[in-house]
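Following: one structure in structure tokens, then a few remarks.
The values are calculated or read from the model by the stated rules, or taken from the named source; none is laboratory data. Model, not experiment: these values are computed from the prediction. All Cβ positions, even for glycine, are placed from backbone atoms using ideal geometry, and neighbour counts span all protein chains on display. The area values use the complete protein model at the heavy-atom level, side chains included, leaving out ligands, DNA and RNA. Shrake-Rupley method; radii C 1.70, N 1.55, O 1.52, S 1.80 Å.
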Amino acid sequence: MTVVGTGFDPIATDLPTTLFGKYALRVNDEDNRYHRTLAFQKARIPSTGKAQLKFNCAAVLEDPQHGPEDQPFVEGVVFNATKGTQLYFKRFYASDPAFPGWKESQGGA
């Protein structure tokens, strides 16, 4: 993992590295190793009013043309540590046709 400043992703060159603020976390890197990385952040959400939690991420994944079970993926999870409950879970596979947000880069590689 690396903390990066403002600029653009080295692979998806039209993708800004930051959305808000001056820094973002880049998870993994451009190596050919098979690994996974976990990044998390704790936050206290007020129990009064209409509390909202918003987070943004951009996934740059290589599409090796495998079946869904073997594709690279990114997961988003929101967990209530106080109650021990999962509030949100979503897994996005590379080129998942159920997610319309994919954008090809480097000729679809």
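So here's what we get for this one:
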| quantity | calculated |
| --- | --- |
| Computed over the chain, the ratio Rg/Rh where both radii use C-alpha atoms and Rh is Kirkwood | 0.98 |
| Positive-end residue, segment 1-72 charge dipole about Cα centroid, Cβ charges, pick of 21, 11, 59 | 21 |
| Residue among 46, 16, 64 with the largest mean-square fluctuation in a Gaussian network model of the chain, springs linking Cα atoms under 10 Å | 46 |
| Cα centroid separation - segment 4-30 against segment 75-109, whole Å | 18 Å |
| Lysines whose Cα lies under 23 Å from that of residue 22, excluding same-chain neighbours fewer than 8 positions away | 42, 54 |
| Rounded percent of accessible protein surface that carbon and sulfur make up, the chain, 1.4 Å probe | 52 percent |
| GNM top mover of 84, 49, 67 - the chain, alpha-carbon springs below 10 Å | 49 |
